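Asker: Quick one: structure below, then a few questions.
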Amino acid sequence: VAVFGEKDYQQLALIKQMNDALCLGIDVQGCPTIRDADGLAMSSRNAYLTPEQRQQAPALYAALRAGAAAASGGPDAVLAAGHAVLDRAPGVELDYLELTSADLGAPGPGDARLLVAARVGKPRLIDNIHLTLPDPTVPNPLGGN
């Protein structure tokens, strides 16, 4: 068994793919991200944040949560909601906000991941969140998209 944190979801997904492709027979498990009370993913990099930057950094998780909350509207809504939070987040220099399938491919209906990387001061912070994208061919019984 090999256990990897979901905070670096891209690493976890690639290791799972390598394990499968090479038939290594290792049980690769993901471990949920541990967060501070304000949602910031725990990381050794957080120690390099100034007190002001530490106050700014939770904007990454806020953007992920906003994106996940907009999932019923589809991929464009997810990204728009995440960018809306990050665009007004002081001190956050976005590297990327990407929506992928659970295996890091193109997003489609079902399980997906919203991934973010940004600099807050010098430290480059990463985070992600699971979400479920609707099937656009299935009518929403609640109306809307």
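Asker: Among the residues of the stretch 5-33, write down those that are farther than 22 Å from THR100 by Cβ and either open to solvent by less than 50 Å² (accessible area, probe 1.4 Å) or among the β-branched types (Val, Ile, Thr) (or both).
Answerer: ILE26
Asker: Residues that are farther than 17 Å from GLN10 by Cα and hydrophobic (A, V, I, L, M, F, W, C), at least 3 per element: which helices (runs of 4 or more DSSP H) completely within the stretch 38-145 meet that?
Answerer: Those helices (runs of 4 or more DSSP H) span 59-69, 75-87.
Asker: While we're looking at this one, here's another question. Take the residues in the stretch 90-139 that are hydroxyl-bearing (Ser, Thr, Tyr) and within 24 Å of ALA57 (Cβ to Cβ), then tell me which one is least open to solvent (accessible area, probe 1.4 Å).
Answerer: In this case the residue turns out to be THR100.
Asker: Quick one: how many residues across the stretch 69-88 are crowded, with 19+ Cβ neighbours inside 10 Å and among the small types (Gly, Ala, Ser)?
Answerer: Number of matching residues: 4.
Asker: May I pose another question? If you go through the stretch 112-134, how many residues are out of contact with any Leu (no Cβ under 8 Å at 6 or more places or on another chain) and free of Cβ contacts under 8 Å to residues at least 40 places away in the same chain?
Answerer: Residues flagged as out of contact with any Leu (no Cβ under 8 Å at 6 or more places or on another chain) and free of Cβ contacts under 8 Å to residues at least 40 places away in the same chain within the stretch 112-134 amount to 0.
Asker: Among (1) outside any loop (DSSP other than H, G, I, E, B); (2) among the charged types (D, E, K, R); (3) over 25 Å from GLY110 (Cβ atoms), there is one condition LYS7 misses while meeting the rest; what is its number?
Answerer: Condition not satisfied by LYS7: (3).
The values are calculated or read from the model by the stated rules, or taken from the named source; none is laboratory data. The shown structure was predicted, so the numbers you read here are calculated from the model rather than taken from an experiment. Here the Cβ is made from the backbone with ideal geometry for all residues, glycine too, and neighbour counts use every protein chain on show. Calculation scope for accessible area: heavy atoms of the full protein, side chains included, ligands and nucleic acids excluded. Shrake-Rupley method; radii C 1.70, N 1.55, O 1.52, S 1.80 Å.
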